[in-house]
1. Every residue in segment 189-240 that is surrounded by 13 or more Cβ atoms within 10 Å (Cβ to Cβ), outside any strand (DSSP E or B) and basic (Lys, Arg), please.
2. Answer yes or no: is there a residue in segment 119-132 that is in a strand (DSSP E or B) and either touching a helix residue (DSSP H, G or I) at 6+ places or on another chain (Cβ under 8 Å) or farther than 24 Å from Asp214 by Cβ (or both).
3. Please go through segment 145-170 and give me each residue that is among the polar types (S, T, N, Q) and at pLDDT 90 or above, ordered by number.
4. Starting from segment 83-97, take each residue that is within 18 Å of Gly251 (Cβ to Cβ) and in contact (Cβ under 8 Å) with a residue 40 or more places away in the chain and list its partners that are of a type outside the set (A, V, I, L, M) and part of a loop (DSSP other than H, G, I, E, B), counting only C-beta distances under 6 angstrom and pairs at least six apart or across chains.
5. Identify the single condition in (1) buried (at least 24 other Cβ atoms within 10 Å of the Cβ); (2) over 13 Å from Gln239 (Cα atoms) that Arg138 does not satisfy, given that it satisfies every other one.
6. Looking at segment 250-266, can you tell me whether even one residue there is within 24 Å of Arg63 (Cα to Cα) and among the acidic types (Asp, Glu)?
7. Kindly indicate whether any position in segment 64-84 is buried (at least 23 other Cβ atoms within 10 Å of the Cβ), of a type in the set (Gly, Ala, Ser) and within 17 Å of the chain's Cα centre (by Cα).
8. So, of the residues in segment 67-81 that are touching a helix residue (DSSP H, G or I) at 6+ places or on another chain (Cβ under 8 Å) and free of Cβ contacts under 8 Å to residues at least 60 places away in the same chain, which turns out to be farthest from Ala142 (Cα to Cα)?
Amino acid sequence: MRPIQFSNRLAGIVVVGFVAVLSLNAQAAVEPFVAQGKAVLVAAPLLYTNAFRAPAWRPGTTRVLLVTGQEYPGHPWRQTAPALAEALEKDARLQVQMVDDPYQLSTLSLDAYQTVVIHFMNWKTNAPDEKARENLRRAVAAGKGLALVHFACGAWQDWPEFGQLAGRAWNPKLRGHDPRGKFKVEIADAQHSIMRGLVDFEADDELYTCLAGDRPIQILAKARSKVDQKEYPMAFVLQYGQGRVFHSVLGHDLKAIAIPEVLELYRRGIVWTAGLAPVATGK
């Protein structure tokens, strides 16, 4: 298992021990106690480790920083982030470090990574500060990759440049999404290296209709709303300075993100942002 930096910022809880889990089901079992502000000590293989402990990097691997830990209450990042990290590490070229505190973007050296995955939304709390913003912006502009997962489109509502980084950002004045359910995701650009060989698939998710922005983007996948019959981007890419950006609004919860086609789309997109060929694992 990969180490996760576990911060005492999480939900305002001071953790005096370690949280260890045998599985995602076990993790879900202890979450109610954590939510009540209780520290939990479980005798099990360690998943969450003390802050600022980095993994033992394997020579030659591409390093991915997955930033999570804050979300809208209906988005279970404790399940979706590990599922995404596990899927990424099935690609032998990748190694993932997860941190559960977005504020660490202000202190982490992003030079150590080839790409950064944003899987958080600072719901009803302050977004990472100016130092974090500039650290991320400068890194991507200089050539590091960036990927955004689901409601990451709603992060940094008070930072106009975020819309330029993300390509499209959440506009709370727009209708948020169709009711959760199944819908068809269509391949919009079959010739892009991320999408080559992929076919249309069925999602079980929230079909986001809330993105706004006028930055030129290249739409890779789209879906038609059952509410207004309009098409909306489900995944797209853009260039920010020298950096590649991949953005997908899929992945509401574990059921949504665990669909094989969704995980493969994310794997390919994140690999692409790191400057690698988004080939199938093991090919």
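The values are calculated or read from the model by the stated rules, or taken from the named source; none is laboratory data. Given the structure is predicted, the values throughout are model-derived calculations rather than measurements. Here the Cβ positions follow ideal geometry from the backbone for every residue, glycine too, while neighbour counts run over all protein chains shown.
1. Arg196, Arg215
2. Initial filter on segment 119-132 (in a strand (DSSP E or B)): none.
No, segment 119-132 contains no residue that is in a strand (DSSP E or B) and either touching a helix residue (DSSP H, G or I) at 6+ places or on another chain (Cβ under 8 Å) or farther than 24 Å from Asp214 by Cβ (or both).
3. Narrowing segment 145-170 to residues among the polar types (S, T, N, Q): 157, 164.
Gln164, the sole residue that qualifies.
4. Once the first residue is within 18 Å of Gly251 (Cβ to Cβ) and in contact (Cβ under 8 Å) with a residue 40 or more places away in the chain and sits in segment 83-97, its partners that are of a type outside the set (A, V, I, L, M) and part of a loop (DSSP other than H, G, I, E, B) give Lys90/Thr281; Asp91/Thr281; Val96/Arg2.
5. All conditions pass for Arg138, except number (1).
6. Yes, that holds for at least one residue.
7. yes
8. Looking only at segment 67-81, we keep the residues that are touching a helix residue (DSSP H, G or I) at 6+ places or on another chain (Cβ under 8 Å), and these are 67-72, 75-76, 78-80.
Still in the running and free of Cβ contacts under 8 Å to residues at least 60 places away in the same chain: 67-68, 70, 78.
Details: Val67: 19, Thr68: 23, Gln70: 27, Arg78: 31 Å.
Looking at the filtered set, the residue picked out is Arg78.
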